[in-house]
Amino acid sequence: QERLVESGGGLVQPGGSLRLSCAASGIAFNLYNTGWYRQAPGRQRELVASISSGGNVDYIGSVKGRFTISRDNAKNTVYLQMNSLKPEDTAVYYCNVKRNVRTYWGQGTQVTVSS
């Protein structure tokens, strides 16, 4: 059965760092494009960062230079390293994997940036 399990969220002060992890099971992970989305209260879910099965990465402008997405196909895991966090980064972060018409979501992990 396909499953994505996220971890690493929490409360951090502005300027701090967090590393999110998303472990996949039940899929041929190395064939899937992966991404991290976030959704803040009252806002639409947005794609924050993506890394393709071939290793191509992309970021939204507001996180460029602060966030780094990476993947370890041997561990079936995708990561999001978040540095210099700002209060506006506060949201529930979701892991997504996608291949053709197949797409799967994690359960979400809360990231709160506050002093």
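The table below gives the values:
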{"item": "Segment 8-34, subset open to solvent by 70 Å² or more (accessible area, probe 1.4 Å) and of a type in the set (A, V, I, L, M), residue modelled with the lowest pLDDT", "result": "Leu31"}
{"item": "Of all residues making up segment 85-104, the number that are over 16 Å from Leu31 (Cα atoms) and open to solvent by 10 Å² or more (accessible area, probe 1.4 Å)", "result": "6"}
{"item": "Boolean, Trp36 is of a type in the set (Phe, Trp, Tyr) and in contact with a Leu (Cβ under 6 Å, 6 or more places away or on another chain)", "result": "yes"}
{"item": "Members of segment 35-45 found to be surrounded by 13 or more Cβ atoms within 10 Å (Cβ to Cβ) and more than 15 Å from Cys22 (Cα to Cα), listed by number", "result": "Gln39, Ala40, Arg45"}
{"item": "Filtered residues of segment 46-67 (kept if closer than 30 Å to Ser115 by Cβ and surrounded by fewer than 17 Cβ atoms within 10 Å (Cβ to Cβ))", "result": "Glu46, Leu47, Ile60, Gly61, Ser62, Lys64, Gly65, Arg66"}
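The values are calculated or read from the model by the stated rules, or taken from the named source; none is laboratory data. Only a predicted model underlies this, so the values are computations on that prediction, with no experimental measurement involved. Methodologically, a virtual Cβ is constructed for each residue, glycine included, from the backbone with ideal geometry; neighbour enumeration extends over all protein chains shown. Just so you know, the surface numbers come from the protein's heavy atoms only, side chains and all, with ligands and any DNA or RNA stripped out. Shrake-Rupley method; radii C 1.70, N 1.55, O 1.52, S 1.80 Å.
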